[in-house]
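Only one structure is covered here, and it is reproduced in the block below.
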Amino acid sequence: MTTSIDREKKILEHLQKQGSASIQELVEVFNVSNMTIHRELNKLAEAGLIQKKHGGVALVTQSPTASINQCSMCNKTISERTVFIVRAANGEQKRACCAHCGLMIHSQTQDAAQSLTADYLHGHIISATQAIYVLGSDLNICCVPSLLSFGSKQDAEKFQKGFSGTLANMEEAIHYLHGMMHAHP
């Protein structure tokens, strides 16, 4: 059985080959309902990977001046496995390489309307306010101190058993980061 995450990846692969597609084409290619395709496309659009248009969808094209692949905080290259997206009320979007930078951007954005992060284990986009964060684990894949996002407490606890760290909600993770910044100027 194809999962939502598998289908999202296959939709992206299809769009990378074709550039764009109609909703009906995707319904036929993936043999799912119109609503299922719309749900998958909404997730991909929220992640900034595609642009929905009337009756269709296209990959987001990058202008030479756009830095969609660079973190707005530290300028590191962004991995889709650890991406963090902060949207302001005016529609402006900032992308970060990891939860560490993303939470810093979120805390500095006075009119943050929505923040999204990638579930480190499964790769799908989740609400940053509902994520469980593992702080300071032994696995440093990006910025230090390490902060990794998980969609479920159970997954975060399993990860914590293998790589240590502390579990936190979004507010606690931001407080932790600010404390680290003041402790190590």
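Table for the structure above
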item: Nearest 10 degrees, 0 to 90: helix 170-183 Cα axis against the chain principal axis; result: 50
item: Crossing angle, helix 4-18 versus the chain [Cα axis fit, 0-90 degrees, rounded to tens]; result: 60
item: Residue with peak Gaussian network fluctuation, the chain [Cα springs, cutoff 10 Å], from Asp119, Asp155, Asp111; result: Asp111
item: For the range 75-85, 3J(HN,Hα) per residue [Karplus equation, 6.51 cos²θ - 1.76 cosθ + 1.60, θ = phi - 60°, Hz, x = Gly/Pro]; result: 6, 6, 5, 8, 9, 5, 6, 10, 4, 9, 10
item: Principal axis dimensions, the range 1-49 - Cα atoms, whole angstrom, descending; result: 23, 19, 17
item: Estimated 222 nm signal from helices in the chain, with DSSP H stretches of n ≥ 4 weighted -39500 (n - 2.57), rounded to 500; result: -12000 deg cm²/dmol
item: Measure of compaction for the range 41-185 (Cα Rg per 2.2 N^0.38 Å); result: 1.04
item: Local electrostatic count, Thr36, Cβ distance below 12 Å [Lys/Arg +1, Asp/Glu -1]; result: +1
item: Label-point separation, His175 to Glu157 (7 Å along Cα→Cβ), nm; result: 2.1
item: Acute angle (nearest 10 degrees) that the helix 99-108 long axis makes with the longest principal axis of the chain, alpha-carbon atoms; result: 80
item: Residues with amide H under 5 Å from that of Tyr120, placed H, sequence gap 5 or more; result: Ser149, Phe150, Gly151
item: Long-range amide H partners of Ile78 with built H, under 5 Å; result: Gln70, Cys71
item: ³J(HN,Hα) computed for each position of the range 129-144 - Karplus, 6.51 cos²θ - 1.76 cosθ + 1.60, integer Hz, glycine/proline x; result: 6, 9, 5, 10, 10, 9, 9, x, 6, 6, 9, 9, 9, 8, 7, 10
item: The range 63-127 - Rg and Dmax from Cα coordinates, angstrom; result: 11.1, 32
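All of the numbers you see were taken from the coordinates with simple rules; none came from a lab. Only a predicted model underlies this, so the values are computations on that prediction, with no experimental measurement involved. Note that each Cβ is placed from the backbone with ideal geometry, even for glycine, and that neighbours are counted across all protein chains shown.
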